[in-house]
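**Student:** Here it is, the structure, as structure tokens.
The values are calculated or read from the model by the stated rules, or taken from the named source; none is laboratory data. As the structure is a computational prediction, the values presented were derived from the model and not from experiment. Glycine gets a Cβ as well: all are built from the backbone with ideal geometry, and neighbour counts include every protein chain shown.
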Amino acid sequence: MRDDPHAAGPMFTWDNVATVPQAAQVLTALRSDWIIALATNAADSDETDIRAALRRVDLDELIDKVYCFRHIGYKKPSSEFFKFILDDLKLNCEQVIMIGDMFENDVLGANRFGIHALWFNAKTVESKTGSMYRTIHDLDELPDMLGAT
């Protein structure tokens, strides 16, 4: 989903709700091999609100689980946030890859908990690579990158 810094309130109430280019195609390609979960720090929305926003752009059926701050009670990059999700999914760190656009919260937060991550940086040409993370600039890169991660 594309964040609109000028919009307020739950995303499903915004005049314009938009996806990241190629989101539906990439999620469709990954569904057979991955559990697709959305994890957000959004404070204005609960899971029902997030599902409503996803329905507006035909992504709801492609997301298996939705996790948000309002339900978990912790925000990324806290270890409690990631622990809650792994416990709920009954997965360990080695079975999960975090893909996020906020380097500190999504990538380094996941790394500190032991989860590998991909930084989705569609805003600049900056790339970062570490022992537990890499960078993608376009969602089209995701299926190949996950095969190599």
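**Student:** Only residues that are of a type in the set (S, T, N, Q) and either closer than 15 Å to Val20 by Cα or not in a helix (DSSP H, G or I) (or both): list them for segment 40-61, please.
**Tutor:** Of everything in segment 40-61, those that are of a type in the set (S, T, N, Q) and either closer than 15 Å to Val20 by Cα or not in a helix (DSSP H, G or I) (or both) turn out to be Thr40, Asn41, Ser45.
**Student:** With respect to Ala23, determine if the residue is farther than 22 Å from Lys123 by Cβ and touching a residue at least 40 places away in the same chain (Cβ under 8 Å).
**Tutor:** Judged against the criteria, Ala23 is not a match.
**Student:** Same structure, new question: Look through segment 130-149, keep the residues that are among the aliphatic types (A, V, I, L, M) and not in a helix (DSSP H, G or I), and return whichever of them is farthest from Ala24 (Cα to Cα).
**Tutor:** Met132
**Student:** Could you say whether any residue in segment 113-129 is of a type in the set (Lys, Arg), farther than 17 Å from Met1 by Cα, assigned to a loop (DSSP other than H, G, I, E, B) and in contact with a helix residue (DSSP H, G or I) (Cβ under 6 Å, 6 or more places away or on another chain)?
**Tutor:** no
**Student:** Against the definition (hydrophobic (A, V, I, L, M, F, W, C) and closer than 25 Å to Glu104 by Cβ), how does Leu38 come out, yes or no?
**Tutor:** Considered against the rule, which asks whether it is hydrophobic (A, V, I, L, M, F, W, C) and closer than 25 Å to Glu104 by Cβ, Leu38 comes out as yes.
**Student:** Here's something else I'd like to know. Please enumerate the residues belonging to segment 4-16 that are surrounded by 14 or more Cβ atoms within 10 Å (Cβ to Cβ) and closer than 25 Å to Glu104 by Cα.
**Tutor:** Result: Ala7, Pro10, Met11.
**Student:** Quick one: which residue in Arg55, Arg31 is within 19 Å of Phe120 (Cβ to Cβ), among the basic types (Lys, Arg) and surrounded by fewer than 18 Cβ atoms within 10 Å (Cβ to Cβ)?
**Tutor:** Arg31
**Student:** Continuing with this model, one more query. Just checking, does segment 119-137 include any residue being touching a Ser or Thr at 6+ places or on another chain (Cβ under 7 Å), hydrophobic (A, V, I, L, M, F, W, C) and closer than 25 Å to Asp87 by Cβ?
**Tutor:** yes
Conditions (1) touching a helix residue (DSSP H, G or I) at 6+ places or on another chain (Cβ under 8 Å); (2) assigned to a loop (DSSP other than H, G, I, E, B); (3) at pLDDT below 95, marked per residue:
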| position | (1), (2), (3) |
| --- | --- |
| Arg2 | no, yes, yes |
| Ala8 | no, yes, yes |
| Leu38 | yes, no, no |
| Lys76 | yes, yes, no |
| Leu91 | no, yes, no |
| Met98 | yes, no, no |
| Ala110 | yes, no, no |
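**Student:** Based on this model, can you work out whether Ile36 counts as within 26 Å of Lys123 (Cα to Cα), within 15 Å of the chain's Cα centre (by Cα) and surrounded by fewer than 18 Cβ atoms within 10 Å (Cβ to Cβ)? Steps first, please.
**Tutor:** On the way: within 26 Å of Lys123 (Cα to Cα): yes; within 15 Å of the chain's Cα centre (by Cα): yes; surrounded by fewer than 18 Cβ atoms within 10 Å (Cβ to Cβ): yes.
Taking the combined requirement at face value, the residue satisfies it.
**Student:** Among the residues of segment 121-146, which ones are closer than 20 Å to Pro21 by Cβ, surrounded by fewer than 17 Cβ atoms within 10 Å (Cβ to Cβ) and hydroxyl-bearing (Ser, Thr, Tyr)?
**Tutor:** If the condition is that a residue be closer than 20 Å to Pro21 by Cβ, surrounded by fewer than 17 Cβ atoms within 10 Å (Cβ to Cβ) and hydroxyl-bearing (Ser, Thr, Tyr), then Thr124, Ser127 are the ones that fit.
**Student:** I'd like the residue in segment 59-102 that is surrounded by 17 or more Cβ atoms within 10 Å (Cβ to Cβ) and aromatic (Phe, Trp, Tyr) and, out of all such residues, is nearest to the chain's Cα centre (by Cα).
**Tutor:** Tyr67
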